[in-house]
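What follows is calculated from the coordinates using simple rules that are stated; it is not laboratory data. These numbers were taken from a predicted model, which means no experiment stands behind them. With ideal geometry, Cβ positions are generated from the backbone for all residues, glycine too; neighbour counts draw on all protein chains shown.
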Ligand SMILES: Nc1ncnc2c1ncn2[C@@H]1O[C@H](COP(=O)(O)OP(=O)(O)O)[C@@H](O)[C@H]1O
Ligand SMILES: [Mg+2]
C-alpha cells in the first residue's frame with residue numbers, strides 16, 4: 001500500500017525531502033505558499049495534495065498550524081514532518097493529535113524557545129553559559145556589566161539573526177539604546193571556544209545515530225556560519241564520543257521522542273557547553289554534506305523516522321571529507337557577481353547555488369541571510385577540504401562601480 005507523508009515547508013534547502021520521498025515511493029502532501037506549491041508540483045509529481053499558507057505570514061509559527069491540521073485531516077498520512085524551525089510546532093501538534101511519530105509537543109515547544117532550553121539544561125545539570133532572561137534589555141544591565149563580554153540573543157529566531165556579542169560598557173549602552181524596545185531577550189556569558197554541532201537520529205527517545213560537525217563562523221560580534229566540516233568524529237573520535245553522550249543527555253533533558261535533531265555547542269576545557277538545540281534537520285546544506293560523508297540519504301532516514309518505517313542507521317563507508325561553505329561580502333555595495341562561474345569549477349565543489357541575485361545590496365554578514373552563495377564540498381582528504389574552504393573564504397565578490405578584481 002502506498003504510504004503518505006505531510007511535509008510542512010519545502011524551501012529549496014528542504015527539497016531533499018521531496019527527492020527522497022520519490023525514491024522511497026512515498027506520496028507527499030505539502031503545506032506551503034501557493035507560489036511554492038505551484039513550482040514544486042511540476043518538479044515532484046508524487047506531491048499529490050497541498051494546503052496553502054499565507055505568503056505574508058510564513059515567518060510565524062501559527063500560520064502553519066491550521067493548514068497542516070486541514071491537510072492531515074484530509075489525507076490521513078502515515079507521518080508528518082516539519083522541515084524547518086518555524087514548522088516544528090505545527091508538526092508536533094498534528095503528530096500529537098493524530099498519534100504519529102515525532103519529537104513530541106514538549107520537545108517542540110522547547111526547540112522554539114531558547115530560554116526554555118536554558119531551564120531544561122540547568123535542571124539536567126548540563127554545561128551551558130551563565131544567563132538571564134530579561135523582559136527588556138535594560139533590565140539586564142547590572143548582570144551584563146558584571147559578566148562582560150556577553151551575548152544578546154532573541155528567544156526564537158535562527159541563523160544568528162539578532163545574536164550579538166557585547167564586550168564593553170560602551171557597547172552595552174549602545175545595545176540597550178538600539179534594542180530596548182525589542183522586548184524579551186536572553187543575555188548570556190560569552191563562551192570562548194571552537195564551535196561544533198551534533199546531529200542525531202532519535203527513535204523513541206534513544207539516539208540511533210550521531211554525527212559531529214565542526215563549524216567556522218565570522219566570529220564576534222555576529223557569528224555567522226561560514227563553513228561546516230561534516231563527520232568530524234573521524235578526525236576527533238574522542239570528541240565524537242563525548243558529543244554522542246551529550247546528544248543522548250539533551251534528548252533526555254528535553255523529552256525528545258523521534259526524529260532528527262541537532263545540538264550546537266562550544267568546547268571549554270573538557271566541557272561541551274551548549275549553545276542551542278533544535279528538533280529538526282540542520283540547514284546550511286549540512287544534510288547533503290552529511291549524506292555524502294556517510295554514503296546514505298539523511299533525508300530518507302528522517303522520512304523513515306517520521307513515518308514509523310523501520311530503518312537501519314547509516315554505516316561508515318569509505319570516508320569522504322565533505323561539508324558546505326559560503327561566499328560572503330567583505331564590504332558594502334551592490335552585488336555584480338559572486339564569481340561563481342570560477343569557483344564552482346574548483347575540484348571538490350560538487351554543487352553550488354546563489355543566495356543573492358546581481359543587483360542586491362550586500363554587506364559583511366550580520367546573519368545567515370546576508371550570505372551570497374553556497375558550495376557543497378566533497379574531498380578525498382581533510383587537507384583538501386581545509387584548503388578549499390580557505391580558497392572560498394578568500395573569494396571577493398564583484399560590486400557595481402568597482403574595478404574588476406580576480407578572486
Ligand atoms: N553564549 C554564547 N557564547 C559564545 N557564542 C555564542 C553564545 N551564544 C551564541 N553564540 C554564537 O552565536 C551563534 C548563534 O547563536 P545560536 O544560539 O546558535 O542562535 P541561532 O538560532 O541564531 O543559531 C552561535 O552559533 C555561536 O557562534
Ligand atoms: Mg544556532
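The table for this structure:
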| quantity | calculated |
| --- | --- |
| Linear extension gain, residue 400 paired with residue 330, 0.36 nm per residue minus alpha-carbon span | 23.8 nm |
| q = 0.18, 0.21, 0.29 Å⁻¹, the stretch 85-147: log10 I(q)/I(0) [Debye, one scatterer per Cα] | -0.76, -0.88, -1.12 |
| Euclidean distance between Cα centres, the stretch 56-74 to the stretch 17-38, Å | 16 Å |
| FRET efficiency for residue 354 and residue 113, using Cβ-Cβ distance with R0 set to 35 Å, rounded to 0.05 | 0.60 |
| Cα-based Rg / Dmax (Å) for the stretch 195-399 | 17.5, 51 |
| Percent of Cα pairs exceeding the 21 Å cut-off, where the set is the stretch 308-374 | 42 percent |
| Euclidean distance of C-alpha centroids, the stretch 106-163 and the stretch 258-323, integer Å | 24 Å |
| Whole-number D in µm² s⁻¹ for the stretch 357-404, Kirkwood Cα-pair radius fed into Stokes-Einstein, 25 °C, 0.890 mPa s | 189 µm²/s |
| Along each principal axis, Cα extent of the stretch 210-301, largest first, Å | 36, 29, 25 |
| Cα-based equivalent ellipsoid, the chain: semi-axes from gyration tensor eigenvalues, Å | 31, 27, 23 |
| Peptides ranked, highest mean first, by Cβ atoms within 10 Å: ranges 34-40, 279-285, 291-297 | 279-285, 291-297, 34-40 |
| Helix-only [θ]222 nm of the chain, DSSP H runs n ≥ 4, -39500 (n - 2.57) each, per residue, nearest 500 | -9500 deg cm²/dmol |
| Net lengthening on full extension, residue 194/residue 11 (0.36 nm per residue, minus Cα-Cα) | 62.9 nm |
| Translational diffusion coefficient (Stokes-Einstein; Kirkwood radius from C-alpha pairs) of the stretch 130-189 at 25 °C, 0.890 mPa s, in µm²/s | 222 µm²/s |
| Gain upon complete extension [residue 390, residue 97; 0.36 nm per residue less C-alpha separation] | 100.7 nm |
| Cα gyration tensor of the stretch 24-141 - equivalent ellipsoid semi-axes, whole Å, descending | 34, 17, 12 |
